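Asker: Structure incoming, see below.
The values are calculated or read from the model by the stated rules, or taken from the named source; none is laboratory data. Bear in mind that the values here come from a model prediction, so they are computed numbers and not experimental data. Methodologically, a virtual Cβ is constructed for each residue, glycine included, from the backbone with ideal geometry; neighbour enumeration extends over all protein chains shown. Heavy atoms of the whole protein, side chains included, go into the accessibility calculation; ligands, DNA and RNA do not. Shrake-Rupley method; radii C 1.70, N 1.55, O 1.52, S 1.80 Å.
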Amino acid sequence: MNILICINNRVLAEGLQRIILDHVTGAMVDKCFSGRDGTWPDLVLFDSRERIDLLKKHYTRARFLCIDVGLKDTDLAWLLYCQGIHGIISPELDVKMFGKALRAVYEGQIWVEQIHLKAVFGEGTTFPSRGRLRGVSEQDRKIIRLVASGRKNREIADLLCLSEPTIKAHLSRLYKTLKVNNRSGLVALAAESGWTGEQES
């Protein structure tokens, strides 16, 4: 199992490398602090300061795990549903479970801990059917797609030539209509229906 650590915090990267080498049998670990190196890793460990789109472009055969360094719910949802990463490692994870997470993702599984499931989906979130989602207005479709692509309210307002309070009002109404608790739930719903980009399908 070849692991590449793409974290610009050198102390954290060195610590992760040492933990993996000491506790994960058969693991080979390298670090990359800027740009692409010449390796072809099986797994890439990164944090939210790294550009996941560039990492995925550089390491096309790898599976990706994000080290959670205080991610917001919307960022978690965006990484899981829009960027298709393979796991999120929480700060609370102990060394034994960390090794288990690496092995699970290497073997093709997705690693999402309970704490992250709650953050992404919210308590008691229920998703409507795709048919109901298809029934939303054209304007709402655009807003949902822009939210799913990671755009902030101000950016959405600028792109659609609307005010930021208008976007907030649209989102509040959509949360109630679609029975999601927050922006993260809307992103998850969009992903479930294949709405993970800004372009119409």
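Asker: Would you pick out the residues in the range 166-189 that are farther than 14 Å from residue 142 by Cβ and free of Cβ contacts under 8 Å to residues at least 12 places away in the same chain?
Answerer: 169, 172, 173, 175, 176, listed by residue number.
Asker: Further, regarding this structure: Which members of the range 45-69 meet the condition of being assigned to a helix (DSSP H, G or I), modelled with pLDDT of 85 or more and within 18 Å of residue 111 (Cβ to Cβ)?
Answerer: 55, 56 - these are the residues of the range 45-69 that are assigned to a helix (DSSP H, G or I), modelled with pLDDT of 85 or more and within 18 Å of residue 111 (Cβ to Cβ).
Asker: Check residue 131 against each of (1) at pLDDT 75 or above; (2) open to solvent by 30 Å² or more (accessible area, probe 1.4 Å) and name the one condition it does not meet.
Answerer: For residue 131, the failing item is (1).
Asker: Among the numbered conditions (1) modelled with pLDDT of 90 or more; (2) loosely packed, with under 14 Cβ neighbours inside 10 Å; (3) assigned to a loop (DSSP other than H, G, I, E, B), tell me where residue 41 comes up short.
Answerer: Result: residue 41 fails condition (2) only.
For (1) without any contact (Cβ under 8 Å) to a residue 40 or more places away in the chain; (2) open to solvent by less than 40 Å² (accessible area, probe 1.4 Å); (3) more than 13 Å from residue 150 (Cα to Cα), each residue gets a yes or a no:
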{"position": "46", "(1), (2), (3)": "no, yes, yes"}
{"position": "55", "(1), (2), (3)": "no, yes, yes"}
{"position": "59", "(1), (2), (3)": "no, yes, yes"}
{"position": "69", "(1), (2), (3)": "yes, no, yes"}
{"position": "73", "(1), (2), (3)": "no, no, no"}
{"position": "80", "(1), (2), (3)": "no, yes, no"}
{"position": "83", "(1), (2), (3)": "yes, yes, no"}
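Asker: What pairs can you find where one residue is in the range 1-29 and within 19 Å of residue 48 (Cβ to Cβ), the other is loosely packed, with under 13 Cβ neighbours inside 10 Å and not β-branched (Val, Ile, Thr), and their Cβ atoms are less than 6 Å apart, with a gap of 6+ or different chains?
Answerer: Close Cβ pairs (under 6 Å, with a partner that is loosely packed, with under 13 Cβ neighbours inside 10 Å and not β-branched (Val, Ile, Thr)) amount to 8/33.
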